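Down below is the structure, laid out as structure tokens.
Derivation of every value follows stated rules applied to the coordinates shown; laboratory data play no part. Note that this is a predicted model, so its numbers are computed, not measured.
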Amino acid sequence: MRKKYCTFAPQLKEKNMDLPQDPMMLFSVINMKLRDFYPSLDALCEDMNVDKQEIIEKLAAFGFEYSEEHNKFWWLFTIRYPSGRGSVRFSRT
């Protein structure tokens, strides 16, 4: 039997729910659900019947990356030094 993760607030987790199309809203909604209801992105996607790869690709297109260790999406940006001296990568939630 499949484990139910969000039993106390079913209105916040509808099956086949239309996720926001706006990337910042999608980022916010997914991270809120990961923080409050789900132990992993896999559990969220299975429970909500959404495609994990589609969410990852949509958010990656706007600079977000999923951290399994922290169970949330991060905003990544890179600072490139002039004259090809390398770059530094930062993350921000």
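The slack in the chain from HIS70 to VAL29, taken as 0.36 nm per residue of separation less the alpha-carbon distance, amounts to 13.2 nm. Taking each residue as 0.36 nm, the span from GLU46 to ASP18 lengthens on full extension beyond its C-alpha to C-alpha distance by 8.6 nm.
Excluding same-chain residues fewer than 8 positions from LYS72, which aspartates and glutamates have a Cα within less than 15 Å of its Cα? Here the aspartates and glutamates satisfying the reach criterion relative to LYS72 are ASP36, ASP42, GLU57.
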